Amino acid sequence: GSAHSGEDISVVALKDIEVGDQIYLSYNECSYDCPDVSQTFTMPQILSTNGFVEQYPRRFNIGVENGAPVFELDMNEDGEIEITWLNGEPKVDYVYWFHDQYDRLLELEKKNILGESLKELESHEQYTINAYFQAMLEGLKLASTRIRKPDLTYVQNQIQWLKSKKGGFFSPKINYGNLDKENPSVSGMFAVAPIAKGEEIIHLPAEQLITANIGNGNGSFKDESCNTAINLAAEYRKGKESSWEPYVAYLFESFLHEHLPPNWSEEAIELFESIIDEELEPQSLGIRGNYENYCGDTEDHLLEAAFRIVVSRGQSGILLPVVDMIN
């Protein structure tokens, strides 16, 4: 019945309930007599209005902007916490934002700032704030782990993209696939038919290269890679409107650019430096791919990622779509 029209209210079980099971109602899922707040009234909003931290399944709408990614955490049958994106997988910009927020909270925990401050509060305040902190820490940790589509999906999209361009050619005698069935991440280009010496297998028109001069950057950097990185980041932010969409989507969403040395933790760098000491190479691990070292300060994580990508995959600051899939 509807509470708004004076009808009787009937509470009905939505699944079988065993003896001892707690009975819940939903604060944001309603199939009758209420607006859809399933993605707007989530754990933070429930805390603000109702004064408690939502249990599993726990939903998060934590960005202050409209259209922020919404996700849910729930415990599977093995007792592991899994994340589900409710309004589509997040763009890379948001993943970096989640990671920044996670690092900020982690720093509070490491410095015990939260613990010291909680001591000064009433017990109910301590419990609620700590429960929120732990829930948010868990949610941000899982949200900052990038979700990837299968690598081959991105590759095939690139190949079709190249074929659609005037003058573009991808030989039917080659294909891209997994080289190691036991390890799907080990992929490469291989021949599916004999190829004669001198036979062309890929033709990439010059206008399809991503360079320092395609129009998004200001061209003010001496290092061409800086300008190319600006262009690359701008193309990714265009989404489907980018002329290189299949390629830039692969670079940011599937290529493991965050595993490159410029993005290693301080602990990893220190350990590696202890191995090479002052005698072995490389003495400049990670320096070349660091945006700050070559292009200047920035708080744009996407731009930093773009620079890492250009340095690792580019040829003198020029990116070669499809061609650079050849290992």
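The values are calculated or read from the model by the stated rules, or taken from the named source; none is laboratory data. Since we're looking at a predicted model, the values are computed, not measured. Cβ sites come from the backbone with ideal geometry, for glycine too, and all protein chains shown count toward neighbours. Only protein heavy atoms, including side chains, enter the accessible area calculation; ligands, DNA and RNA are left aside. Shrake-Rupley method; radii C 1.70, N 1.55, O 1.52, S 1.80 Å.
Round to the nearest 10 and give me the degree value, 0 to 90, for the angle of helix 301-313's Cα axis relative to the longest principal axis of the chain.
That works out to roughly 30 degrees.
Within 13 Å, Cβ to Cβ, of residue 214, how many net charges do the neighbouring residues add up to if Lys/Arg are +1 and Asp/Glu are -1?
-2
Along segment 135-143, what does the Karplus equation 6.51 cos²θ - 1.76 cosθ + 1.60 (θ = phi - 60°) give for ³J(HN,Hα), rounded to whole Hz, x for Gly and Pro?
5, 5, 4, 5, x, 5, 4, 6, 5
Ignoring any ligand, DNA or RNA, what whole percent of the accessible area of the chain comes from carbon and sulfur when the probe is 1.4 angstrom?
Working: 10220 of 20290 Å².
The computed percentage sits at 50.
Any chance you could run the full-extension gain for residue 264 through residue 80? It's 0.36 nm times the residue separation minus the Cα-Cα distance, nm to one decimal. Numbers along the way, then the final one.
Numbers: separation 184, 0.36 × 184 = 66.24 nm, distance 2.71 nm.
Value of the extension gain: 63.5 nm.
List, in the order given, every pair from 165/240; 91/240; 166/197; 163/238; 91/238; 163/197 whose Cα-Cα distance in the structure shown is over 18 Å.
Values: 165/240 16 Å; 91/240 13 Å; 166/197 25 Å; 163/238 22 Å; 91/238 12 Å; 163/197 23 Å.
Beyond 18 Å: 166/197; 163/238; 163/197.
What is the local net charge at residue 205, summed over the other residues whose Cβ is closer than 9 Å to its Cβ (Lys, Arg +1; Asp, Glu -1)? Each step should come with its number before you reach the end.
Values: positive: 165, 166; negative: 207.
Net charge around residue 205: +1.
In whole angstrom, and with the biggest value first, how far do the Cα coordinates of segment 83-168 range along each principal axis?
Answer, in whole Å and largest first: 70, 24, 16 Å.
For residue 118 and residue 197 in one chain, what is 0.36 nm times their gap in residues minus the Cα-Cα distance, to one decimal in nm?
Working: separation 79, 0.36 × 79 = 28.44 nm, distance 7.21 nm.
Stretched fully, the residue 118-residue 197 segment lengthens by 21.2 nm.
Taking the Cα atoms only, what angle lies between the long axis of helix 266-276 and the longest principal axis of the chain, rounded to 10 degrees?
40
What does the C-alpha gyration tensor say about the overall shape of the chain? Classify as rounded when a/c is under 1.5, otherwise prolate if a/b is larger than b/c, or oblate.
Values: a/c = 2.28, a/b = 1.65, b/c = 1.38.
Here the chain falls in the prolate category.
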